[in-house]
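The values are calculated or read from the model by the stated rules, or taken from the named source; none is laboratory data. Keep in mind it's a predicted model, so treat the numbers as computed, not measured. Cβ atoms come from the backbone with ideal geometry, glycine included; neighbour counts cover every protein chain shown. When the accessible area is computed, the model is the full protein with side chains, heavy atoms only, and any ligands, DNA or RNA have been set aside. Shrake-Rupley method; radii C 1.70, N 1.55, O 1.52, S 1.80 Å.
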Amino acid sequence: AASALSNVVNLNERRQLSAAESSRMLNDCRELAMKRLSGSLSDMLADVEEDLFQMAEASYDREMQNLYLEVRGKAKEKWPKIEAAFSRHFVEVFNHKMRGEMDSAVKTLAASTQELRLVEEDDLAESIAMQELAGRLREQNEDELSLLGERVAMLLGKNELKEEENPISPQAVCDALKRACDELEGSVKLKLVLLKQIEQHVSTALHAVYADLNSEMVRWNV
């Protein structure tokens, strides 16, 4: 309670920041978040492997058993690339949002009607899953995120900040995770299984990141 009160008091005692100060603080936030979340990814591989093995052992469905084991094998093989891709895309997404730019990535769609329909179905399933993941992360970190959003808005020179504009929002983190999991080069179902296993670890890490960023902002008198 005392910590929360301290945060509120500091928010009410805002000082004017120069563009250079704001940019430096945002860059520091980006580096802290990227390093912490990337470190969390590095530490979770053994747990993810074990969880997927246990899920395969417990399943009576041969198709699901094979899916869990395939995800486990691909994750182990591709994990260094997943980590590198997450860090790269997190920084990319953060910088785009910091500059007020929208994601301009354009997907190449299949030519035939049947292929297009399947692509659209996969994209829809993936989009819904990512929205739900971002929503759960948002709910789990609501208090810290609310304070952090106000502070980031100030650094960006805005009175208020929509989630899609926030470079450190759960949505931004999920965007980077989704792109990182694309390194598996498999079906959408396969990627979503891996994302589900990553979620609990990322949620814990993200809460710590938000708390630390708020503490840093207090120290900076933001």
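Under the convention that each Lys and Arg Cβ holds +1 and each Asp and Glu Cβ holds -1, the size of the dipole of the chain around its Cα centre is about 680 debye.
Helix 62-98 versus the longest principal axis of the chain: what is the Cα-based angle in degrees, 0 to 90, to the nearest 10? Between the helix axis and the principal axis of the chain, the angle is about 30 degrees. Cross-link partners for LYS74 among the aspartates and glutamates, with Cα-Cα distance under 12 Å and sequence neighbours closer than 8 places in the same chain left out: GLU49, ASP182, GLU183, GLU185.
Filter LYS158/LYS178; LYS35/LYS158; LYS81/LYS189; LYS35/LYS78; LYS78/LYS158; LYS81/LYS158 down to the pairs with a C-alpha to C-alpha distance above 30 Å, please. Too far apart for the 30 Å limit: LYS78/LYS158; LYS81/LYS158. Between GLU185, GLU164, GLU199, the Gaussian network model of the chain with springs among Cα atoms under 10 angstrom shows the greatest mean-square fluctuation at GLU185. Listed values (1) 196; (2) 132; (3) 152 include one computed from this model; for volume of the Cα convex hull per residue in Å³ that value carries the label (2).
A 1.4 Å probe run over the chain, with the rest of the protein chains in place, finds 55 Å² accessible per residue. Please find, in a Gaussian network model of the chain (springs between Cα atoms separated by less than 10 Å), the residue of VAL193, VAL91, VAL209 whose mean-square fluctuation is greatest. Comparing VAL193, VAL91, VAL209 in the GNM, the peak value goes to VAL193. Here the chain exposes an accessible surface that is 50 percent carbon and sulfur, computed with a 1.4 Å probe and the other protein chains kept in place. Rounded to the nearest 500, the 222 nm mean residue ellipticity of the chain from helices alone is -28000 deg cm²/dmol, with -39,500 (n - 2.57) taken per DSSP H run of at least 4 residues. The Cα center of segment 178-222 and the Cα center of segment 34-105 differ in position by 10 Å.
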